[in-house]
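Data block below; observations after.
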Amino acid sequence: MRFPLYRPRRIRQNENFRRMVRETSLSVNDLVYPIFAVTGKGIKKPVDSMPGIYNLSADMLVREVEKAAGLRIPAVLLFGVPDKKDSAGTGAYDENGIVQQAVRAIKAEFPEILVITDVCLCEYTDHGHCGLVEGGGVLNDPTFDLLAETALSHARSGADMVAPSDMMDGRVAAIRKRLDAEGYTNLPIMSYSVKYASAYYGPFREAAGSAPQFGDRRAYQMDPPNATEALRETAMDIDEGADIIMVKPALAYLDIVRLIRDSFDYPLAVYNVSGEYAMVKAAAQKGWIDEPRVVMETLTGMKRAGADIIITYHAPDAARWLKEGF
Ligand code: PBG
Ligand code: ZN
């Protein structure tokens, strides 16, 4: 591989050469679109820190899903933003809760698009933590029942897959056991297996009104400097029955994506989180970057790092640009 015998530029000289030797490709099949559901009717409330993203009541949300389905996006990921919160997050497992209603509304009109539901308590608890709180700490095992109950109620509403994002130890097993006991043996679990305590979730917490009211999530989400721990977290979730594993956030953790890809033969999702989206949108609005090119380069980088599935707020835009032959 010595110059002048080898000239890398030979197979880079035009688009057809580049297409022929391209190693990674992004497809609409890879995308999952997150959506925020609120109670009420006719509501489409913009999330200030996430331009293009809204809090949507079930009727409006169905129109957003229609758009996604029309673009052939295979799945949406639902989050609920309830108007009432309490210490046990009862809204999370209420049969008529916001996510449960939204799932039914989507399934009634668009039964084919996959509806994935985020399973967590932080949007529903008045303290904003992902589990039950006692004495200023978040309880692990006592939270299992509530998470399992939440997953089960999502399943009963017609969800196609549940995605626990709480980071309690052992919750995948608890959810799997409960789903199986109730006959949902075929309902897959996409586990937030490697989820870091990240500052990149800021805009999401505005969208979902889920910022912790005291302390932070560092005692249950992973410490950002750690990598080998990601192997243990993932192995654990797979042992407990996770069907799809995940690394979150994406951009600052692409080394972890590659590590997990090379270590486990399971479908791997990455979550291109709210803060990553907000940064791109803000710079694009200022005219400082070329948004479509930056978004496609970013999402392609996630695939190149080893992701099979990309959960991203850019999904409809990316799907459109892919369709246009980007
Ligand atoms: C809830 C949850 C969060 C996100 C997904 N599920 C926030 C958090 O853990 O604080 C973040 C998503 C994003 O930032 O886009 N546990
Ligand atoms: Zn949570």
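The values are calculated or read from the model by the stated rules, or taken from the named source; none is laboratory data. As the structure is a prediction and not an experimental result, all values here were calculated from the model. Note that each Cβ is placed from the backbone with ideal geometry, even for glycine, and that neighbours are counted across all protein chains shown.
Listing for the model above:
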| read-out | value |
| --- | --- |
| From Lys281, Lys323, Lys303, residue being of a type in the set (Lys, Arg) and surrounded by fewer than 16 Cβ atoms within 10 Å (Cβ to Cβ) | Lys323 |
| Looking only at the stretch 220-256, and only at residues there that are part of a loop (DSSP other than H, G, I, E, B) and within 13 Å of ligand 1 (Cβ to nearest atom), the one that is surrounded by the most Cβ atoms within 10 Å (Cβ to Cβ) | Ala250 |
| Qualifying residue in the stretch 263-273 (condition: in a helix (DSSP H, G or I), surrounded by fewer than 18 Cβ atoms within 10 Å (Cβ to Cβ) and touching a residue at least 12 places away in the same chain (Cβ under 8 Å)) | yes |
| Residues (away from ligand 2 (no atom under 14 Å from the Cβ) and under 14 Å from Gln100 (Cα atoms)) located in the stretch 146-161 | Glu149, Leu152, Ser153, His154, Ala155, Arg156, Ser157, Gly158, Ala159, Asp160, Met161 |
| Of the criteria (1) surrounded by fewer than 24 Cβ atoms within 10 Å (Cβ to Cβ); (2) more than 11 Å from ligand 1 (Cβ to nearest atom), which one Ala151 fails | (1) |
| Any hit, the stretch 63-76, residues being crowded, with 18+ Cβ neighbours inside 10 Å, assigned to a helix (DSSP H, G or I) and of a type in the set (Val, Ile, Thr) | yes |
| Single residue of the stretch 192-250 satisfying the filter (farther than 16 Å from Leu121 by Cα and of a type in the set (Asp, Glu)) that is farthest from ligand 2 (Cβ to nearest atom) | Asp239 |
| Boolean, Ser191 is of a type in the set (S, T, N, Q) and either more than 23 Å from Ala151 (Cα to Cα) or without any contact (Cβ under 8 Å) to a residue 40 or more places away in the chain (or both) | no |
| All positions within the stretch 178-219 that are closer than 19 Å to Ile311 by Cβ, surrounded by fewer than 17 Cβ atoms within 10 Å (Cβ to Cβ) and of a type in the set (Gly, Ala, Ser) | Ala197, Ala199, Gly202 |
| Selected residue (criterion: farthest from ligand 2 (Cβ to nearest atom)) from residues of the stretch 120-145 that are part of a helix (DSSP H, G or I) and within 20 Å of Ser193 (Cβ to Cβ) | Asp141 |
| Among the residues listed as Ser87, Ser49, the single one being hydroxyl-bearing (Ser, Thr, Tyr), under 30 Å from Gly306 (Cβ atoms) and either surrounded by fewer than 19 Cβ atoms within 10 Å (Cβ to Cβ) or at pLDDT below 95 (or both) | Ser49 |
| Flag for Met20 being over 29 Å from Tyr201 (Cβ atoms), in contact with a helix residue (DSSP H, G or I) (Cβ under 9 Å, 6 or more places away or on another chain) and modelled with pLDDT of 95 or more | yes |
| Total residues in the stretch 146-169, condition assigned to a loop (DSSP other than H, G, I, E, B) and polar (S, T, N, Q) | 1 |
| Residues of the stretch 117-132 classified as surrounded by fewer than 24 Cβ atoms within 10 Å (Cβ to Cβ) and more than 9 Å from ligand 1 (Cβ to nearest atom), total | 3 |
| Meets criteria (more than 15 Å from ligand 2 (Cβ to nearest atom), at positive phi and out of contact with any Lys or Arg (no Cβ under 8 Å at 6 or more places or on another chain)) for Gly89 | no |
